[in-house]
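Asks: If you scroll down you'll find the structure; I have some questions about it.
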Amino acid sequence: MELKSVPLQQVHEKLGAKMVPFAGFNMPVRYAGDIEEHMTVRNGVGVFDVSHMGEFKAEGPHALDLIQRITSNDASKLVNGQAQYSCLPNEQGGIVDDLIVYKIKDEDYLIVVNAGNIDKDWNWFVKHNTKNAVLKNISEDICLFAVQGPKAVSVLQKLTKTDLSAIKYYHFAMGEFAGVADVIMSNTGYTGAGGFEIYVHKNAAEKVWHALFEAGKEADIKPIGLGARDTLRLEMGFCLYGNDIDDTTSPLEGGLGWITKFAKEFTNSAALKKQKEEGVKKKLIGFKMIDKGIPRHDYQLKNAAGEVIGKVTSGTMSPVLGIGIGLGYVATDYAKPETEIFVDVRGRSLKAQVCKTPFI
């Protein structure tokens, strides 16, 4: 399969980015170094080009009905200018994808999906669109820049008259940004460091990118790659589709009960409601290493007797904590915080402890 490019690929190459294949796209994984980029976002401000993400529009009188029938969260509660984290359950108890639903206004919604699932999700929306909501796949027209870190808002405010401090978490505004009309400025992100995500038409993307770096000069703004994006989201305990949740993990097992609302019927809701009542047999947990070592995807998790109780879904060395951290599924008996577990790191059983997330 031929790799797709994000519109600003040449800009990233000029900046010295190391480009790697990710979710079908050629993406910048790092510029200076993962740890340096990670700390730039935690302490200052950095910009991720995440234009590989997918965007769909759902419009018309049947748009909300479609969203309600196929997503787990309750989109009827959204007000104009509000976003909602949600997921698409499948019929087998797993998850097609996790996503964000934006309510632009009545009968006008934007749905943002993971890059690797654009075709799969689009087919899912089309298949369930039995009442003819107006659907448009605008993924190739939209660029998305995540401007993240404690200094992000002060940098962004230089480029818009919209009062960003008035936009609450998981809310957004549409307005002029860096001289470009109809830009979505969304108080969302995947880092836990604060900041906004900026949705702009690809024709204006390069202009906006350069404006961001001009406005952020004093704050020492830096471009940030996917390597640091992964360690930042992991310190917050945020799930990555394909690692921590997938077609085989239920939202309840994955700790996403809070976005699974049974006040309405949706795909597989009866079975998920039963699972909630009966309790899950495995759970996604966060854990910190006590022994020195770095947990990695698919490493086995064991109990003190050496029995396999689960596996690591995401793991790294936390740049902020300086220790190994991870997410993984374990049998429910071992899911309580402070439970001692062991990670099989290349044949060595290293001690770890279950803990609540976020890690920092």
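The values are calculated or read from the model by the stated rules, or taken from the named source; none is laboratory data. All figures in this text were calculated on a predicted structure; none of them were measured in a lab. No Cβ is skipped: glycine too gets one built from the backbone with ideal geometry, and neighbour counts run over all protein chains shown.
Residue-wise test of (1) closer than 20 Å to residue 111 by Cα; (2) surrounded by fewer than 20 Cβ atoms within 10 Å (Cβ to Cβ); (3) not β-branched (Val, Ile, Thr); (4) not assigned by TED's automatic domain parsing to the domain that holds residue 14.
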position: 165; (1), (2), (3), (4): no, yes, yes, no
position: 177; (1), (2), (3), (4): no, no, yes, no
position: 182; (1), (2), (3), (4): yes, yes, yes, no
position: 186; (1), (2), (3), (4): yes, no, yes, no
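Asks: Sticking with this one: Restricted to the range 260-284, and to residues that are touching a Ser or Thr at 6+ places or on another chain (Cβ under 8 Å) and among the aliphatic types (A, V, I, L, M), which residue is farthest from residue 231 (Cα to Cα)?
Replies: 272
Asks: Now for a different question. Sort through 322, 293, 310, 279 and tell me the only one that's small (Gly, Ala, Ser), over 23 Å from residue 193 (Cα atoms) and surrounded by fewer than 19 Cβ atoms within 10 Å (Cβ to Cβ). Break it down into steps so the answer makes sense when it comes.
Replies: Details: 322 fails: over 23 Å from residue 193 (Cα atoms); 293 fails: surrounded by fewer than 19 Cβ atoms within 10 Å (Cβ to Cβ); 310 fails: surrounded by fewer than 19 Cβ atoms within 10 Å (Cβ to Cβ).
Unique residue meeting the criteria: 279.
Conditions tested, residue by residue: (1) crowded, with 18+ Cβ neighbours inside 10 Å; (2) over 17 Å from the mean Cα position of the chain (by Cα); (3) in the same structural domain as residue 174 (by TED's automatic domain parsing).
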position	(1), (2), (3)
95	yes, no, no
99	yes, no, no
103	yes, yes, no
106	no, yes, no
111	yes, no, no
117	yes, no, no
124	yes, yes, no
127	no, yes, no
132	no, yes, no
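Asks: For residue 156, which of the numbered conditions (1) touching a Ser or Thr at 6+ places or on another chain (Cβ under 9 Å); (2) under 21 Å from residue 51 (Cβ atoms) fails to hold?
Replies: Just one mismatch for residue 156, condition (1).
Asks: Hey, another quick one. When you go through 98, 106, 119 one by one, which is the residue that is of a type in the set (D, E, K, R) and over 21 Å from residue 184 (Cβ atoms)?
Replies: 119
Asks: Which one is nearest to residue 332 (Cα to Cα), of the residues in the range 278-300 that are touching a residue at least 60 places away in the same chain (Cβ under 8 Å) and in a loop (DSSP other than H, G, I, E, B)?
Replies: For the range 278-300, the residue satisfying everything is 290.
Asks: Kindly evaluate residue 6 against the criterion of being closer than 24 Å to residue 208 by Cβ and touching a His at 6+ places or on another chain (Cβ under 7 Å).
Replies: On the way: closer than 24 Å to residue 208 by Cβ: yes; touching a His at 6+ places or on another chain (Cβ under 7 Å): yes.
Considered against the rule, which asks whether it is closer than 24 Å to residue 208 by Cβ and touching a His at 6+ places or on another chain (Cβ under 7 Å), residue 6 comes out as yes.
Asks: In the range 230-248, how many are crowded, with 20+ Cβ neighbours inside 10 Å and in contact with a strand residue (DSSP E or B) (Cβ under 6 Å, 6 or more places away or on another chain)?
Replies: Here the count works out to 7.
Asks: Only residues in the range 251-277 that are touching a residue at least 24 places away in the same chain (Cβ under 8 Å) count as the first member; pair them with residues that are exposed (fewer than 14 other Cβ atoms within 10 Å of the Cβ), Cβ under 6 angstrom, at least 6 apart or cross-chain, and list the lot.
Replies: 268/91
Asks: State all residues of the range 1-21 that are within 29 Å of residue 322 (Cβ to Cβ), surrounded by fewer than 16 Cβ atoms within 10 Å (Cβ to Cβ) and among the hydrophobic types (A, V, I, L, M, F, W, C); if no residue qualifies, say none.
Replies: Answer for the range 1-21, where residues must be within 29 Å of residue 322 (Cβ to Cβ), surrounded by fewer than 16 Cβ atoms within 10 Å (Cβ to Cβ) and among the hydrophobic types (A, V, I, L, M, F, W, C): 15, 20.
Asks: Do you know which residues across the range 190-207 are surrounded by 21 or more Cβ atoms within 10 Å (Cβ to Cβ) and assigned to a helix (DSSP H, G or I)?
Replies: Of everything in the range 190-207, just one residue is surrounded by 21 or more Cβ atoms within 10 Å (Cβ to Cβ) and assigned to a helix (DSSP H, G or I), namely 205.
Asks: Find the residue count for the range 209-227, including only residues that are part of a helix (DSSP H, G or I) and in contact with a Leu (Cβ under 8 Å, 6 or more places away or on another chain).
Replies: Going residue by residue through the range 209-227, those that are part of a helix (DSSP H, G or I) are 209-215, 226-227.
Checking the rest, the ones that are also in contact with a Leu (Cβ under 8 Å, 6 or more places away or on another chain) come to 209, 211-212, 215.
Residues meeting the conditions: 4.
Asks: OK, next. Condition check: surrounded by 19 or more Cβ atoms within 10 Å (Cβ to Cβ) and at pLDDT 95 or above. Does residue 315 satisfy that?
Replies: yes
Asks: Could you tell me whether any residue of the range 343-351 is aliphatic (A, V, I, L, M), over 20 Å from residue 240 (Cα atoms) and touching a residue at least 60 places away in the same chain (Cβ under 8 Å)?
Replies: yes
Asks: If you check residue 321 against the conditions, is it over 19 Å from residue 280 (Cα atoms), of a type outside the set (S, T, N, Q) and part of a strand (DSSP E or B)?
Replies: Values: over 19 Å from residue 280 (Cα atoms): yes; of a type outside the set (S, T, N, Q): yes; part of a strand (DSSP E or B): no.
When the stated conditions are applied, residue 321 does not pass them.
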